[in-house]
Amino acid sequence: MTAVVRVPMLDLESLPPAALPDAVLGAVAYGVSAPHAEGSLLAVPLPVLGGARAVHTTWTSTGPFASGQTGPLFWRHNRALLFGAISLDERAYTPKVAGRAPLLEASRAAYHGVFAAMARAGFGHLVRCWNYLPRINAVEDGLERYQQFNVGRQQAFLNAVQSVQAGAPAASALGYGGTDVVVYFLASRVAPQAIENPRQVSAYCYPRQYGPASPTFSRAARLSLPDQETLFVSGTASIVGHDSIHVGDVVAQTGETLRNIARVVEQANLEARSAPFSPDALQLKVFIRHAGDFPAVRDVIQREWGEAATRALYLQADICRAELQVEIEAFGRHVAETGSSRP
Ligand code: 3EB
């Protein structure tokens, strides 16, 4: 991708995929009423906080592109990058095995589709995944639904002979009130560099108390392409070690989350051979459980994160542990020609 731009979005829902500009690898609209994937346009129905009715993130890159549909998954790629999106109604997934929940089956099916599309187009490496799950914190069949997702996701990774530990992609996992499992992703032909956070136990090593299968993601992924270098920081929360901390205090959770992001960016810079990523130049996406917490969370980010705060995008979503009230992800990019650290 050569840029990520965020523009006010008024009628993207009615924009036919064929009308997407030539340089668009994929686009994701937030704030729309229902999920749908069509062409390389994906709609994610999380409410936008702070004014705009809807916004979209557009991943642009250099053509020529090939696009298509493999089963229910829409994909588009150029030489270096593959964007894909899939939205599956979990109600269509009746368990094949007693005790297997529909969400587990739908999550596995979604990732099966992701890996099938990657294999077909010749992209071996997942770089970054975004996951939106219906009613993520509800307990069904004796297991929290986020934990059901983790089982299905991990099974799909193992079936596709993809690493479920070191080298797993960066990711975010949020909840909302719909019925579709929504996944979108970026994959590459060259392997990204996975980065862990020294302040946090690797998610793929979380102990059994967080569920029968550990989450399959790395804290960050750095991808070097010929013309640019990108840093994807996973959804990050107020977790130190493996414990949720500052439970009940959204302001303190936000501060701790920012410290976690600062530390993983520092780690990415330590491990890199190229120019460091400046926290000020990152794009932040902030997920807040309770819309009423938006002003308090924004105040912390504006106070502690300088210039990047002016570009932050705020969405309302459920977080994957019931006691967590905020999750923040980040994206950074260097363009090789100029050495610029500005997205
Ligand atoms: C955490 O650190 C918070 O399951 O893909 C953050 C990012 C979280 C990604 C995922 C979960 C995921 O455990 C939750």
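Could you grab me the full set of residues in region 126-154 that are aliphatic (A, V, I, L, M), over 24 Å from Val28 (Cβ atoms) and within 15 Å of the ligand (Cβ to nearest atom)? Even if it seems obvious, please write down each step before you answer.
Applying the first criterion (aliphatic (A, V, I, L, M)) to region 126-154 yields 126-127, 133, 136, 138-139, 143, 151.
Remaining after also requiring over 24 Å from Val28 (Cβ atoms): 138-139, 143, 151.
Scanning region 126-154 gives Leu143, Val151.
Counting only strands (runs of 3 or more DSSP E) that sit wholly inside region 45-123, those with at least 1 residues that are modelled with pLDDT under 90 and within 19 Å of the chain's Cα centre (by Cα) are 55-60. Scan region 212-236 residue by residue and report those that are at pLDDT below 95 and closer than 25 Å to Leu104 by Cα. Selection gives nothing. Among the residues making up region 287-299, those that are more than 20 Å from Pro45 (Cα to Cα) and surrounded by fewer than 22 Cβ atoms within 10 Å (Cβ to Cβ) are Pro295, Ala296, Arg298, Asp299.
Within the bounds of region 68-82, is there any residue that is closer than 27 Å to Arg289 by Cα and open to solvent by 20 Å² or more (accessible area, probe 1.4 Å)?
We begin by selecting, within region 68-82, every residue closer than 27 Å to Arg289 by Cα; these are none.
Within region 68-82, none of the residues are closer than 27 Å to Arg289 by Cα and open to solvent by 20 Å² or more (accessible area, probe 1.4 Å).
Can you tell me which residue within region 309-337, out of those that are polar (S, T, N, Q) and more than 16 Å from the ligand (Cβ to nearest atom), is least open to solvent (accessible area, probe 1.4 Å)?
Of all residues in region 309-337, those polar (S, T, N, Q) come to 310, 316, 325.
Filter once more, keeping what is more than 16 Å from the ligand (Cβ to nearest atom): 310, 316.
On the way: Thr310: 111, Gln316: 59 Å².
Going through the qualifying residues, I end up with Gln316.
Meeting the requirement of 1 or more residues that are in contact with a Ser or Thr (Cβ under 9 Å, 6 or more places away or on another chain) and of a type in the set (Lys, Arg), the strands (runs of 3 or more DSSP E) wholly within region 204-323 are 220-225, 283-288.
Any residue in region 260-280 that is aromatic (Phe, Trp, Tyr) and closer than 19 Å to Pro192 by Cα? Steps first, please.
Taking region 260-280 as the starting set, the residues that turn out to be aromatic (Phe, Trp, Tyr) are 277.
Retained after the next criterion (residues that are closer than 19 Å to Pro192 by Cα): 277.
The answer is yes; a qualifying residue exists.
Regarding Arg199, is this residue within 15 Å of the ligand (Cβ to nearest atom), farther than 26 Å from Met118 by Cβ and not hydrophobic (A, V, I, L, M, F, W, C)? Break it down into steps so the answer makes sense when it comes.
Numbers: within 15 Å of the ligand (Cβ to nearest atom): yes; farther than 26 Å from Met118 by Cβ: yes; not hydrophobic (A, V, I, L, M, F, W, C): yes.
It is true that Arg199 is within 15 Å of the ligand (Cβ to nearest atom), farther than 26 Å from Met118 by Cβ and not hydrophobic (A, V, I, L, M, F, W, C).
Check off (1) open to solvent by 50 Å² or more (accessible area, probe 1.4 Å); (2) more than 19 Å from Glu323 (Cβ to Cβ); (3) of a type in the set (D, E, K, R) for Asp249 and give me the number that stays unchecked. The number of the failed condition is (2). Could you give me the residue pairs with C-beta distances under 9 Å whose first residue belongs to region 128-151 and is among the acidic types (Asp, Glu), whose second residue is buried (at least 24 other Cβ atoms within 10 Å of the Cβ) wherever it lies, and which are 6+ apart or on separate chains? Pairs found: Glu140/Leu103; Glu140/Gln148; Asp141/Leu104; Asp141/Gln148; Glu144/Ile136; Glu144/Cys320.
For region 222-243, a residue qualifies if it is within 11 Å of Val264 (Cβ to Cβ) and within 12 Å of the ligand (Cβ to nearest atom), and the qualifying residues are Phe232, Val233, Ser234, Thr236.
Looking only at region 158-180, decide whether some residue is more than 14 Å from the ligand (Cβ to nearest atom), on the phi > 0 side of the Ramachandran plot and under 18 Å from the mean Cα position of the chain (by Cα). Yes, some residue in region 158-180 is more than 14 Å from the ligand (Cβ to nearest atom), on the phi > 0 side of the Ramachandran plot and under 18 Å from the mean Cα position of the chain (by Cα). Against the list (1) under 16 Å from the mean Cα position of the chain (by Cα); (2) of a type in the set (A, V, I, L, M, F, W, C); (3) open to solvent by less than 20 Å² (accessible area, probe 1.4 Å), the condition Ile239 fails is (1).
The values are calculated or read from the model by the stated rules, or taken from the named source; none is laboratory data. None of the values given here were measured: they were computed from a predicted structure. Note: ideal-geometry Cβ built from the backbone for every residue, glycine included; neighbour counts use all protein chains shown. Note: accessible area is taken over every heavy atom of the protein model, side chains too, but ligands, DNA and RNA are not part of it. Shrake-Rupley method; radii C 1.70, N 1.55, O 1.52, S 1.80 Å.
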